[in-house]
1. Assess whether Ala85 counts as being aliphatic (A, V, I, L, M), in a loop (DSSP other than H, G, I, E, B), at pLDDT below 85 and farther than 15 Å from Val10 by Cβ.
2. Which one of these does Met70 not meet: (1) surrounded by 16 or more Cβ atoms within 10 Å (Cβ to Cβ); (2) in a helix (DSSP H, G or I); (3) at pLDDT 80 or above?
3. Here is a list of conditions, (1) modelled with pLDDT of 85 or more; (2) on the phi > 0 side of the Ramachandran plot, and Gly134 meets all of them except one; can you say which number that is?
4. Give me the pairs, please: first residue somewhere in the stretch 28-54 and more than 15 Å from Leu65 (Cβ to Cβ), second residue anywhere and at pLDDT below 75 and among the hydrophobic types (A, V, I, L, M, F, W, C), beta-carbon distance under 6 Å, and either six or more positions apart or on two chains.
5. Going by the conditions given, is Leu110 more than 13 Å from the chain's Cα centre (by Cα), surrounded by 12 or more Cβ atoms within 10 Å (Cβ to Cβ) and not in a helix (DSSP H, G or I)?
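The values are calculated or read from the model by the stated rules, or taken from the named source; none is laboratory data. This one's a predicted model, so the numbers in the text were calculated from it and none came from an experiment. Positions of Cβ are backbone-derived with ideal geometry, glycine not excepted, and every protein chain shown enters the neighbour counts.
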Amino acid sequence: MKKIPAILLVDDDDITNFLNKQVLNHLGVADQVLVATNGEQALNILARPDSSFSPAHPVLVLLDLNMPVMDGFEFLEAFQALPPAQQQRAVVVVLTTSLNSHDLDRTTNLPIAGFLNKPLNEEKVATLLRIHFGPLVTAE
């Protein structure tokens, strides 16, 4: 099975990060699972000059919207300001507990590939990977 190079969980809730990381590691779908507790940390991870992320080796970003320091909306706005080559490194999917219409409206012109409701499970991960990374990436 082919794995994606990395998944970046961006959420301020330690328990959510722990559980999502457990699911992703159990499924074996990524070479590494990284965690950021706010949008600023996530941007720093994505912009590291030594990162191996590239369009050929993308990172899946699972982004919560409501966080301190830099929330998901602010992250998405800052992400849009990155050079196109850096933006192409990442597939950003909003992972949230609420898909309310106000949040959906606020993300209309922002660079997201979709929405998922928390919590992650095998079916959601498999569908997400199939849609955005093709049939070669599957859960174990």
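1. Values: aliphatic (A, V, I, L, M): yes; in a loop (DSSP other than H, G, I, E, B): no; at pLDDT below 85: yes; farther than 15 Å from Val10 by Cβ: yes.
So Ala85 fails the test.
2. With respect to (1) surrounded by 16 or more Cβ atoms within 10 Å (Cβ to Cβ); (2) in a helix (DSSP H, G or I); (3) at pLDDT 80 or above, Met70 is out only on (2).
3. Of the numbered conditions (1) modelled with pLDDT of 85 or more; (2) on the phi > 0 side of the Ramachandran plot, the odd one out for Gly134 is (1).
4. Val29/Ala139
5. On the way: more than 13 Å from the chain's Cα centre (by Cα): yes; surrounded by 12 or more Cβ atoms within 10 Å (Cβ to Cβ): yes; not in a helix (DSSP H, G or I): yes.
So Leu110 fits the description; yes.
For (1) closer than 21 Å to Ile131 by Cβ; (2) buried (at least 19 other Cβ atoms within 10 Å of the Cβ); (3) at pLDDT 90 or above, each residue gets a yes or a no:
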{"residue": "Ile4", "(1), (2), (3)": "yes, yes, no"}
{"residue": "Leu8", "(1), (2), (3)": "yes, yes, yes"}
{"residue": "Asp13", "(1), (2), (3)": "no, no, yes"}
{"residue": "Asn20", "(1), (2), (3)": "yes, yes, yes"}
{"residue": "Val33", "(1), (2), (3)": "yes, yes, yes"}
{"residue": "Ala42", "(1), (2), (3)": "no, yes, yes"}
{"residue": "Ser52", "(1), (2), (3)": "no, no, no"}
{"residue": "Val59", "(1), (2), (3)": "yes, yes, no"}
{"residue": "Leu65", "(1), (2), (3)": "yes, yes, no"}
